Amino acid sequence: MANHKSAEKRIRQTEVRTEVNRARVSRIRTFVKKVELALEAGDKAAAAEAFKLAQPEMMRGVSKGVLHRNTVSRKISRLSLRINALG
């Protein structure tokens, strides 16, 4: 356990930040899942609309530091390829 006041404060801050970050990642996963469900249904219009909403959420995760930039870029690229393939 922490022996200094500053270390105790860091523990409290970490707990709060962890909860916030978990919520952010969960929100991003939900948006991506909506895109994937629309893709599985074969509905290109719904998939494109869901993708339009998911993309900024994913990039927000990058700016907040919960996801890596290259990971999000790869996922966005793969989702857009799948949407375009529905054509």
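Some values worked out for this structure:
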read-out	value
Scope segment 1-12; condition surrounded by 10 or more Cβ atoms within 10 Å (Cβ to Cβ) and of a type outside the set (D, E, K, R); matching residues	2, 7, 11
Test for residue 78: is it at pLDDT 95 or above and out of contact with any helix residue (DSSP H, G or I) (no Cβ under 7 Å at 6 or more places or on another chain)	yes
Top-ranked residue in segment 42-64 [being in contact with a helix residue (DSSP H, G or I) (Cβ under 8 Å, 6 or more places away or on another chain) and of a type in the set (Gly, Ala, Ser); ranked as nearest to residue 18 (Cα to Cα)]	61
Of all residues in segment 53-72 being of a type in the set (Val, Ile, Thr) and within 16 Å of residue 30 (Cβ to Cβ), the one that is surrounded by the most Cβ atoms within 10 Å (Cβ to Cβ)	72
Residues satisfying the stated conditions in segment 62-87, i.e. over 17 Å from residue 36 (Cβ atoms) and part of a helix (DSSP H, G or I)	62, 63, 64, 69, 70, 73
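The values are calculated or read from the model by the stated rules, or taken from the named source; none is laboratory data. Quantities reported herein were computed from a predicted structural model and do not represent experimental measurements. Here Cβ is always computed from backbone atoms with ideal geometry, including for glycine, and neighbour counts include all displayed protein chains.
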